[in-house]
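Colleague: Below is one structure. I have some questions about it.
A short reminder: the numbers here are calculations on the coordinates, not readings from a lab. Quick caveat: nothing in here was measured; it's all calculated off a predicted structure. Note that we place each Cβ from the backbone using ideal geometry, even for glycine, and neighbour counts take in every protein chain shown.
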Amino acid sequence: MNLGTRKLLDQSFTALGIGSIVIMGMMLLVVLVPILTNGISANVFKGTIEHRRMQYNEFHRGDRDALQREISEAAATRKTAYDMMSTFEAELNQMDEVKQAEYRDKYNQVKDAVKSLLGPKPGDELPELTRFRYGQTRWEKAQERLREVLYEKKWDYSNPDIAAKEYLVSRAESFQGTSLVKLFPYVETNIDRMLLPKWTIYWGFIFDSSIDSHIFGGIWPEIQGTMFLAIGAMLFAFPLGVIAAIYFTEYAREGFFNSLLRSANSTLAGVPSIVFGLFGLAFFINTLKVSESKSVIAGSLTLAIMILPTIIRSAEEAILAVPKTYREASLGLGSTKWNTIVTVILPAALPGILTGGVISLGRAAGETAPIIFTAAVSVGSAIGLADVFNSPTPALSWNIYNLASEHEAASEIRHVQYGMVLALVTIVLLLNLTAIILRARISKKLKG
């Protein structure tokens, strides 16, 4: 191969490598930017007077006097809308049966939409569910509800070649000739004064517990549960993984038994995570009875079994990377084999071992399938250290799936789902950053 061809190939491979890095970076941005922007909206948003009422009533947070002034200001504007509705109700009762039947259903739709937008009228009995005690707490959701007040959704089936097409019809047209027709432009014009939106930084999303299945409140129990499960898994898996790696590299001899163990370890690394979840239920809960049902300890043990092969492999690679001259020098000075392992080999391999351990910790924090049957619940409060042996816990990974696919109001709490995703991604990134910093510091210390 001549020099020109070699240079051309080198340049081609360099360009290919740079192009691959650029493409990976762009794909990462495509994934992370929506998570970041939508996740931040869980903490920073335009909150309405309903949000401030909810915060004061449920979490005792806020200035009572300022809140009362805002409530009075909003109530004065809302009263006009309620008076219009009361006037129409009296008018409706005076209509004949045909007209009553024509307007009753349409008016009930308007009434429900206004109630969803502003909350119950003063004097109404408060509903049992917290979600129905308040109007829209977020301005963007209030805008959606305002649309429901102003417009009726209908479907066009005239074209048989395409699916039904949605279109909107002004509700005001349905009430022409009645007193209620004045309600719609009034609400549209005065919605700001009815809800008093303000930019809000809601740190409670991170530190509060959820209320009414994450309709209100925060995600602290999920964050705490995720950390309990991940750290618990490491407490079991890390010592066992390092000990197994020492055995494989320093004591095991080539043979059938050693090959069998290595094959088992490699096989475990490729087992689907849902299998570990079923194994944890069958073995740790039903057989060993570590807890009567789901618990943090059962989930941590299951995650520990799942990440154990990765820790063994990374620790083994780190130990094998230690130069043989270290061993020879220590043994030549009269040290025992075990003392050489503990005082020479393990400290030299520590950066690689810790890196593998922290990466495994990040994986344990993000797993869903292993904790479905062993530890996770959809809704729950934060637990203490004393409860890890007998209590299940919410966890970010499981609750993200649950809120996005099974929650009855999934479309209403997208900000919560994205907020959980951002919290989980942040935790994993912080764990990996910790691994990088630890590796750098220990390597620098070892080099003197």
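Colleague: With only alpha-carbon atoms counted, please give the Rg and Dmax of the stretch 166-228, in Å.
Modeller: Looking at the stretch 166-228, its Cα Rg and Dmax stand at 20.5, 63 Å.
Colleague: Dividing the convex hull volume of the Cα atoms of the stretch 248-343 by its residue count, what figure in Å³ per residue is obtained?
Modeller: Numbers: hull volume 12.7 nm³, N = 96.
Per residue, the Cα convex hull of the stretch 248-343 comes to 133 Å³.
Colleague: Moving on. List the relative contact order of the stretch 49-200 as a percent without decimals, with contacts defined as Cα pairs under 8 Å and 6+ residues apart.
Modeller: Relative contact order here is 29 percent.
Colleague: Now a separate question. Compute the orientation-averaged projected area for the stretch 292-389 from the convex hull of its Cα atoms and round it to one decimal in nm².
Modeller: Here the figure is 8.3 nm², rounded to one decimal.
Colleague: Still on this model: Name the long-range amide H neighbours of GLY135: under 5 Å, sequence gap of 5 or more, or other chain; modelled H, no Pro or chain starts.
Modeller: For GLY135, the qualifying residues are GLY119.
Colleague: Right, something else. In Å and from the alpha-carbon atoms only, list the Rg and Dmax of the chain.
Modeller: Using the Cα atoms of the chain, the pair Rg, Dmax is 30.9, 109 Å.
Colleague: Percent of alpha carbon pairs in the stretch 220-447 separated by more than 29 Å?
Modeller: I get 36 percent for the Cα pairs in the stretch 220-447 exceeding 29 Å.
Colleague: Give me LEU36, LEU303 ranked fewest to most by other Cβ atoms within 10 Å of their Cβ, as a rough exposure proxy.
Modeller: LEU36, LEU303
Colleague: Rounding to the nearest 20 debye, state how big the charge dipole of the chain is about its Cα centre with +1 on each Lys and Arg Cβ and -1 on each Asp and Glu Cβ.
Modeller: 2020
Colleague: Just from the alpha-carbon atoms, what are the Rg and Dmax of the stretch 374-448 in angstroms?
Modeller: My reading of the Cα-based Rg and Dmax gives 17.7, 59 Å.
Colleague: Calculate the translational D of the stretch 61-115 in whole µm² s⁻¹ from Stokes-Einstein, where the hydrodynamic radius comes from the Kirkwood formula applied to all Cα pairs, the temperature is 20 °C and the viscosity 1.002 mPa s. Can you show the working numbers first?
Modeller: Details: Rh = 13.3 Å.
The calculation lands on 161 µm²/s.
Colleague: Quick check: convex hull of the Cα atoms in the stretch 122-272, volume per residue, rounded to a whole Å³?
Modeller: 265
Colleague: Using 0.36 nm per residue, how much length does the chain from SER378 to PHE283 gain when fully extended, once their Cα-Cα distance is taken away? Walk me through the intermediate numbers first.
Modeller: Values: separation 95, 0.36 × 95 = 34.20 nm, distance 2.29 nm.
Between SER378 and PHE283, full extension yields an extra 31.9 nm.
Colleague: If one computes P(r) from the Cα atoms of the stretch 96-186, what percent of pairs lie at distances over 16 Å?
Modeller: Summing the P(r) tail past 16 Å for the stretch 96-186 gives 64 percent.
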